[in-house]
Amino acid sequence: MKLYIVSTPIGNLGDITFRAIETLKAVDVILAEDTRHSQILLKKYDIDKQVVSYHSHSGNSKLEKILDFFKEGKECALISDAGTPGISDPAYSLIQAALEIGVEIIPIPGATAILAALVPSGLPMNQFLYLGFLPIKKGRQTVLKSLADEERTVVFYESPHRIAKTLSQLEEFVGAQRKIVLARELTKIHEEFIRGTVGELNAMFKTRNPKGEFVIVLGGLNY
Ligand code: SAM
């Protein structure tokens, strides 16, 4: 019994490994977050397989159905809409449940926005802290306060309509001088790295209407 966790592109459809394509062609069932979205990738690489949805709202009955695939001797691959499954994407519950019935979990590594943003940021990457998406309401201030003393580079995801608010909150909680990089539309036509201090970017985004996908890379204290 095998479950392959397959990384897919984060924008540029060329960013997929040979092994990922071979694996998706070889398995019996592909579990996808959004089956229609994934068809674009699967069509491009001539992958014609049974595709079953598995997403954050998939309940226990869906999980049981997927576990039955393994029990029937089928091999499955899990993909998400972009990047690496499990990284701010569904995977955890399925991996846990699959491990419980003795399924072997095999990673097929590839793109993730975390590293595509961190590596070119110019900020220290010998150690870093990944926070996923910050809490929207409850717990948000606690996380932001904790960043004031954080010495490691911090990476987190943010939706475009919250960028301006987050920058203003960062100025309040970590101060205007902290180094920051916004990585936008990674691997896509409008890829952009906006580097500066929290104060500079906060001022910039008061008049700019952010569009696309963003990763925030925040320098640590004392950097
Ligand atoms: N599993 C994905 C990964 O490995 O990076 C992350 C999925 S998470 C639901 C989606 C968030 O990742 C977006 O809101 C954005 O913050 C970030 N992201 C994904 N693709 C991106 C890209 N091409 N450029 C910038 N950020 C991206």
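Were the residues from N12 through K165 laid out at 0.36 nm apart, the gain over their Cα-Cα distance would be 52.2 nm.
Sequence-ordered 3J(HN,Hα) estimates for segment 202-207 from the Karplus curve with 6.51, -1.76 and 1.60 and θ = phi - 60° stand at 4, 5, 4, 7, 6, 10 Hz, glycine and proline given as x. Our note on the geometry: Cα centres of segment 63-135 and segment 193-220, 27 Å apart. When +1 charges are put on Lys and Arg Cβ atoms and -1 charges on Asp and Glu Cβ atoms, the dipole computed for the chain relative to its Cα centre reaches about 620 debye.
I want the local charge near A26. Using Cβ-Cβ distances under 11 Å, sum +1 for each Lys or Arg and -1 for each Asp or Glu among the other residues. Write out the running numbers ahead of the final one.
Values: positive: K2, R19, K25, K49; negative: E22, D28, E75.
Every neighbour counted, the sum reads +1.
Exceeding 28 Å between C-alpha atoms, which entries from my cross-link table qualify? They are K2/K188; K25/K188; K65/K188; K44/K179. Check vs 28 Å cut-off fails for K2/K188; K65/K188; K44/K179.
The phi torsions of segment 104-117, fed into the Karplus equation with coefficients 6.51, -1.76 and 1.60 and a -60° offset, translate into couplings of 7, 9, 10, x, 10, x, x, 5, 8, 5, 4, 6, 4, 8 Hz, rounded to whole numbers, with Gly and Pro shown as x. Length available on full extension from V52 to A176: 0.36 nm per residue minus the Cα-Cα distance, which gives 39.9 nm. Modelled spin-label separation between E191 and Q39, with each label point placed 7 Å from Cα along the Cα-to-Cβ direction: 2.9 nm.
Is it possible to state the helix-based mean residue ellipticity at 222 nm for the chain, with each DSSP H run of 4+ residues giving -39500 (n - 2.57), the sum divided by total residues, to the nearest 500 deg cm²/dmol? What is it? Intermediate values should be presented prior to the final figure.
Details: 8 runs with 76 residues, N = 223.
Taken over the chain, the calculation gives -10000 deg cm²/dmol.
Rounded to the nearest 10 degrees, the inclination of helix 35-44 to the longest alpha-carbon principal axis of the chain is 80 degrees.
In a Debye calculation with equal point scatterers on the alpha-carbon sites of segment 2-108 and no solvent, what is log10 I(q)/I(0) at q = 0.12, 0.14, 0.20 Å⁻¹? Those come out to -0.34, -0.47, -1.00, one per q. From the largest down, segment 59-174 spans 55, 31, 24 angstrom on the principal axes of its Cα atoms. Scaled to the globular estimate 2.2 N^0.38 Å, the Cα spread of segment 113-218, given as radius of gyration, is 0.97.
Rg to Rh ratio, the chain, alpha-carbon atoms and Kirkwood radius? We get a ratio of 1.03 for the chain.
Taking the Kirkwood radius as Rh and the Cα radius of gyration as Rg, segment 51-123 has a ratio of Rg/Rh equal to 1.05. Close amide H contacts of A91 (hydrogens built in the peptide plane, cut-off under 5 Å, sequence separation of 5 or more or a different chain): G86.
Every number here is computed from the coordinates shown, using simple stated rules; none is lab data. It should be emphasised that the depicted structure is a prediction, and the values quoted were computed from it without experimental measurement. Positions of Cβ are generated from backbone atoms using ideal geometry, with glycine treated the same way; all protein chains shown enter the neighbour counts.
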